[in-house]
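Read the figures in this text as sums done on the coordinates, not as results from a lab. This one's a predicted model, so the numbers in the text were calculated from it and none came from an experiment. Cβ atoms come from the backbone with ideal geometry, glycine included; neighbour counts cover every protein chain shown.
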Amino acid sequence: MPQVPHIPGYTIERLIACGGTADVYLAQQDSLGRDVALKILKNQQHDLNFTRRFIKEGKIIAALKHPHIVTIYDIAVTDSGHQYIAMEYINGGDLEQHMDGKKLIPDEALAKLKVLAATLQFIHEKNIVHRDIKPANVLIDQDGALLLTDFGIAKLLEDDVKLTKTGTTVGSPAYSSPEQVQGLAIDTRSDIYSLGILFMEMLMGKNPYQTGVYATTSINHIQMPTPKLLGPLKPYQYLLNRMLAKKPEDRFDDMQQLLNTIDNPPNALLLSLKEAKNKLLKTAKPMLAGAAVVLVLGGFFGWQQLQLSKQTLALLTTAEQRLAKKQRVHPAGDSALYYFNQVLSLDGGNDEAIDGKQQLLSYYLGRGETAYKKNRLMKPIRANARFYFEQALLVAADNQQALKGIEKLEQRYLQLAKKATAANQLMRPKGDNALYFYTQALSINKNSVAADKGIKSLVDSYLTLAELAIKANKILTPKGQSAIDYYQRALQIDKHSKAAQKGIASLATHYYKLALGARQKRKLRTMEIYVDRGLTVDPYNIQLIKLKSEVAKLSKR
């Protein structure tokens, strides 16, 4: 495990992933008590230009709000020079782990393609190219939803039309477009190519372009023809050909055109059936041709029913195997629940599948109630009341017992928050304070009016405490009970609080005026003290920064 750097405001629990450019840790954000994925970049501490670009581009990516994009909570550089990103922690693994060299059912692959294409269309409309589409950058949450992550090499189109310098490549070579591996100018159509590679891998269970040698893989993207899909995968050949065209102009114009084609495809499958029928008519004797067609069509439904029974039995057997492995509802496409649902999509009244889902439901509801009674509300991970009730809802989204269980959790946290407020435990101790409990309630129900009001009341409480501290002339001291401490806590809770921002600005102005008065009386040391105090309040105050420079010049005379 790499040496763990100290990131103020976060408690690192364990390493999640280790890469060439960054390490990712599971951490807890101290102020809100929530789990985050903390991505800490390597070997960039002394590159000022990189740091500026990192912050600028990071803020733009953080502003993207979409249900299938991992949320970024914070992006900054520590005093020691570590660049980091704190983002939403997704504990369901990624698409690479989910596939694990296996083929996906074509309908599942197509559904995933549509989700990712729509998500990329969203970021392309913001003039951003992702440039690193690959299975490992597609996370899967506990509900099976896909979330796109790692915009680490994303780039704004409007900032740099070329996007790459000559001879420089970015992205993962196994999924890079021909223009990308050659270091040529790229645009949103490069993401279409990378998504095409991912789609092909979902269908085929492998990436034929990928080799163990970087150069060979790159050459394959430039020279190797689009792989041919066989058997039931043939209808998807048209999509693959367009997405993996060597020249960008031969691909879909954008993701929206790709989505439109998926929803209204060329009728390749019917064309194949028509060719098969014509072949039958040509090969059968003329007088028997009609009878042969009738025979084929007449026997179709009996054959179909036999195949359906075989498929159902195979799915039920697989579901039982997954239960034995404790793969009850996860992973999303390879669990007992998944196969029970597949059976019910073929045979809606299948008793074995219905009973199987009921067993899953009873298991999770029972565990949820037990965890609630033992006060295991949100921890430990994957063994708490919330987890169990949410798993039950994956089995049956309208189950009233599970819905009431979730509601009970929200109310429990609201009660704990009120109790902590009454005990003046607004933000401390860690994991046992009003802010933590209100935040937990919001994580359960993001529309909780009571939790929103509670958090606002905490901000108001700190604003009131700050005003009282100012009246008592406790601006910077004592530590933890000063006006600046209270304003900063208010901003920790609500970084957009105008009242707290105004309060800090007022304190900075107060010290600025005192410093001006000291300058007028030629009391250089007193002036310096007031300037330093003002900068302690607001390190970015332009007027105080100018006075600081002036003090330095006067001191040299």
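Just add up the charged neighbours of GLN400: K/R +1, D/E -1, any other residue whose Cβ is under 13 Å from the Cβ of GLN400.
Numbers: positive: LYS404, LYS408; negative: ASP398, GLU407.
Summing Lys/Arg as +1 and Asp/Glu as -1 gives 0.
Mind jotting down the distance between the C-alpha centroids of segment 445-465 and segment 74-95, whole Å?
Centre-to-centre (Cα) distance: 27 Å.
List residues of segment 421-450, by number, whose backbone nitrogen lies under 20 Å from a label position 7 Å along Cα→C-beta of GLN481.
Under cut-off, by backbone N: 421-430.
On a C-alpha basis, how far is the centre of segment 385-433 from the centre of segment 1-42 in Å? Whole number, if you could?
26 Å
With an 8 Å Cα cut-off and a minimum separation of 6 or more residues, compute the relative contact order for the chain in percent. Don't skip to the answer; put the middle values down first.
Numbers: 763 pairs, mean separation 38.6, N = 557.
That works out to 7 percent.
Long-range amide H contacts for LEU377: which residues qualify at under 5 Å (H placed 1.01 Å from N, peptide plane, sequence gap of 5 or more or a different chain)?
Hits under the 5 Å cutoff: ALA385.
Using 0.36 nm times the number of residues separating LYS553 and LEU468, minus their current alpha carbon distance, what extension gain do you get?
That pair, LYS553 and LEU468, stretches by 26.9 nm at full extension.
Give the long-range amide H neighbours of ASP74: residues separated by 5 or more places, or on another chain, with amide H under 5 Å away, using H modelled in the peptide plane at 1.01 Å from N.
Amide H to amide H, under 5 Å and 5 or more residues apart or across chains, ASP74 pairs with ALA86.
Whats the longest run of the chain with zero GluC sites (Glu not before Pro) that are DSSP loop and have at most 12 other Cβ atoms within 10 Å? Spell out each step's value before the answer.
On the way: sites that count: GLU125, GLU158.
In the chain, the maximal stretch lacking such sites is 159-557.
Between helix 385-395 and the chain, what is the angle of the helix's C-alpha long axis to the longest principal axis, kept within 0 to 90° and rounded to the nearest 10?
30 degrees
Hey, can you grab everything whose amide H is under 5 Å from the amide H of ALA22? Only 5+ residues off in sequence or another chain; H modelled, so Pro and N-termini drop out.
LYS42
Set the bar at 18 Å for Cα to Cα. Now go through LYS59/LYS114; LYS42/LYS65; LYS102/LYS206; LYS126/LYS495; LYS112/LYS134; LYS523/LYS556 and name every pair that lies beyond it.
Table pairs above 18 Å Cα-Cα are LYS59/LYS114; LYS42/LYS65; LYS126/LYS495.
How large is ³J(HN,Hα), in whole Hz, for each residue of segment 142-149 in order, when computed from phi with the Karplus curve 6.51 cos²θ - 1.76 cosθ + 1.60 and θ = phi - 60°, using x for Gly and Pro?
The phi angles translate into 5, 8, x, 6, 8, 9, 7, 9 Hz.
Among the aspartates and glutamates, which fall within straight-line cross-link reach of LYS548, defined as a Cα-Cα distance under 12 Å, with same-chain neighbours fewer than 8 residues apart omitted?
GLU528, ASP532
Could you tell me the calculated FRET efficiency between THR261 and LEU313, based on Cβ-Cβ distance and R0 = 35 angstrom, to the nearest 0.05?
Once rounded, the FRET efficiency stands at 0.45.
What does the net charge come to around LEU313 if you take all other residues with beta carbon closer than 13 Å to its beta carbon, with K and R at +1 and D and E at -1?
Counting the neighbours of LEU313, the net charge comes to -2.
Identify all aspartates and glutamates with a Cα-Cα distance to LYS471 below 15 Å; exclude those on the same chain that are fewer than 8 residues away in sequence.
Candidates past the 8-residue exclusion: ASP485.
For the chain, what is the mean residue ellipticity at 222 nm derived from helices alone (per DSSP H run of n ≥ 4: -39500 (n - 2.57); sum divided by total residues; nearest 500 deg cm²/dmol)?
Roughly -18000 deg cm²/dmol at 222 nm, from the helical runs in the chain.
Starting from the Cα-Cα distance between ALA423 and GLN97, subtract it from 0.36 nm times their residue separation and give me the gain in nm to one decimal.
Length difference between fully extended and current span is 112.7 nm.
Residues of segment 196-214 with backbone nitrogen within less than 12 Å of a virtual label 7 Å along the Cα-to-Cβ line of LEU230, please, listed as ranges.
none
Less than 15 Å Cβ to Cβ from ARG533, Lys/Arg counted +1 and Asp/Glu -1: what total charge do the surrounding residues give?
Spelling it out: positives minus negatives among the neighbours equals +3.
From the gyration tensor of the Cα coordinates in the chain, what semi-axes in whole Å does the equivalent ellipsoid have, largest first, with each one equal to sqrt(5λ)?
Rounded to whole Å, the semi-axes are 56, 34, 17.
How large is ³J(HN,Hα) for each residue in segment 532-548, as worked out from phi by the Karplus curve 6.51 cos²θ - 1.76 cosθ + 1.60 (θ = phi - 60°), to whole Hz, x for Gly and Pro?
4, 5, x, 6, 5, 6, 9, x, 9, 5, 4, 5, 5, 4, 5, 5, 4
Can you tell me how much longer the chain between ASP494 and LYS456 gets when fully stretched, taken as 0.36 nm per residue apart minus their C-alpha distance, in nm with one decimal?
My answer for the length gained is 12.9 nm.
Run the paramagnetic zone check for ILE542: 7 angstrom along Cα to Cβ, then residues of segment 490-531 with backbone nitrogen under 19 Å.
501-513, 516
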